[in-house]
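Student: One structure, pasted below without further comment.
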Amino acid sequence: MKENVMTVPELAKYLKMKPVTIYKHAQGGKLPGFKVGATWRFKRRSIDKWIADQENGKENSSRE
C-alpha cells in the first residue's frame, strides 16, 4: 500500500528533483502542500493531479 502523505525527501525522490527545489516550489505556492508545524507534507493524490495539470498546460497552486 502506498503512503498517502509524503515528506520533502520522499517527494523529491518521487519527482526526481532536489529537496531544495521542492522547498522553493512549496513556499512559492507552485506545489500543492501543507505545513505540519515547521515541516512540509504533500498528499500523493494532490501531487499526481498537479503532474496531470502540468502535462495539460494548467497551473495549479491550490493547497490541500
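Here, each number is a calculation from the coordinates, and none is a lab measurement. What you are looking at is a predicted structure, and each value in this text was computed from that prediction instead of being measured. Here the Cβ positions follow ideal geometry from the backbone for every residue, glycine too, while neighbour counts run over all protein chains shown.
Student: Search region 42-59 for residues that are farther than 20 Å from residue 12 by Cβ and pair each with any residue that is among the small types (Gly, Ala, Ser) and loosely packed, with under 14 Cβ neighbours inside 10 Å when their beta-carbon atoms are under 7 Å apart and the residues are at least 6 apart or on different chains.
Tutor: From region 42-59, no pairs qualify.
Student: Conditions: (1) part of a helix (DSSP H, G or I); (2) under 9 Å from the mean Cα position of the chain (by Cα); (3) not aliphatic (A, V, I, L, M). Residue 45 meets all but one. Number of the miss?
Tutor: (2)
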